[in-house]
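What follows is a single structure, written as structure tokens, with notes after it.
Values quoted throughout were computed directly from the atomic coordinates according to the rules given, and no laboratory measurement underlies them. None of these values were measured; they are calculated from a predicted model. Counting neighbours? That spans all protein chains shown, and the Cβs are built from the backbone with ideal geometry, glycine included.
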There are 2 protein chains.
Amino acid sequence: MNEQHGYDVEDLTIGMSATYGKTVTDADIVLFAGVSGDINAVHTNQEFAATTAFGGRIAHGMLSASFISAALGNRLPGPGSIYLGQTLRFLAPVRPGDTVNATVTVKSIDLRRARVVLETVCRVGDTVVIDGEATIMTSSAARRLAKASSTS
Amino acid sequence: MNEQHGYDVEDLTIGMSATYGKTVTDADIVLFAGVSGDINAVHTNQEFAATTAFGGRIAHGMLSASFISAALGNRLPGPGSIYLGQTLRFLAPVRPGDTVNATVTVKSIDLRRARVVLETVCRVGDTVVIDGEATIMTSSAARRLAKASSTS
């Protein structure tokens, strides 16, 4: 653990997992439209969205993807993480009222470079709505120790 | 163009480009923290963030990434786009007050499947802060025509 209660790279093992769940409300969609600038009618106009293949409004894909960022930054590896990359496949729509569970699972660890790849999956119930991979640079106990002894 | 003024796949050519620019304010970072649930101290705690390699608060990577979604959904291909995938490399930090320009450029077109891949780059001034690729399903004039004649 680092001083912010995040995992050091040395603490991690393949298969470690954490989940962050959030219910997507109309308020989330409205706020996300304002913050992102993405005012696509399929997110904000019920009458129009009802005429599409989705049959009604859907949440922004990047809104659900942001829950992955929360799972990574708050839980695993947690505070101290630096986000280097993310791949996303948007597989199914998320609708107002749906609860999205973003699960991140350690897939590979590069101890020397303090880098870790995590599988990132968002589900609504049993349906996978997003899958992909995150690449994170974590803190390192070995680096902290090396730094402390070089400055003492 | 489709009925929502978005581009059909037949309208697109390699190299077509559009940009959406937005200034990232403290309000954006606070709202994004609330909507995403990502309350990492590097985004929300100036005293802590000042002690990190960044030297102060930075915006969430996914906040800047959401401007790509706006450029795609509002401009190119625009309304009617269905977001299938996105890759992101976070290359440099974005700070409160920075203006992020998200530029999307058509890279390849699959007419038959109405799919298009776009290069997606976010810049602050001349610095690339995010790069990656988006995969989009667009509307198709040919499909509309086929549907109209099959139901007439």
Any hit, region B:102-122, residues being at the interface with chain A (Cβ under 8 Å from one of its Cβ atoms), among the basic types (Lys, Arg) and either part of a strand (DSSP E or B) or farther than 23 Å from A:Ile39 by Cα (or both): no
Count - residues of region B:117-152 that are in contact with a strand residue (DSSP E or B) (Cβ under 7 Å, 6 or more places away or on another chain) and either surrounded by fewer than 12 Cβ atoms within 10 Å (Cβ to Cβ) or more than 30 Å from B:Val100 (Cα to Cα) (or both): 2
Cβ pairs under 8 Å, 6+ apart, first in region A:60-71 and touching a residue at least 40 places away in the same chain (Cβ under 8 Å), second of a type in the set (S, T, N, Q) and not in a helix (DSSP H, G or I): A:Gly61/B:Gln86; A:Ala65/A:Gln86; A:Ala65/B:Gln86; A:Ile68/A:Gln86; A:Ile68/A:Thr120; A:Ala71/A:Thr19; A:Ala71/A:Thr103; A:Ala71/A:Thr120
Selection count, region B:80-101, where residues are in a strand (DSSP E or B), free of Cβ contacts under 8 Å to residues at least 60 places away in the same chain and not β-branched (Val, Ile, Thr): 7
Search result, residues across region B:56-77 that are surrounded by fewer than 22 Cβ atoms within 10 Å (Cβ to Cβ) and assigned to a loop (DSSP other than H, G, I, E, B): B:Gly56, B:Arg57, B:Arg75
Residue within region A:24-33 that is under 19 Å from B:Met137 (Cβ atoms), small (Gly, Ala, Ser) and at the interface with chain B (Cβ under 10 Å from one of its Cβ atoms) present: no
Considering residues of region B:66-99 that are more than 9 Å from every other protein chain (Cβ to nearest Cβ) and in contact with a Gly (Cβ under 7 Å, 6 or more places away or on another chain) only, the residue nearest to B:Cys122 (Cα to Cα): B:Thr99
Among residues of region B:4-43, those that are in a loop (DSSP other than H, G, I, E, B), in contact (Cβ under 8 Å) with a residue 24 or more places away in the chain and surrounded by fewer than 18 Cβ atoms within 10 Å (Cβ to Cβ), counted: 7
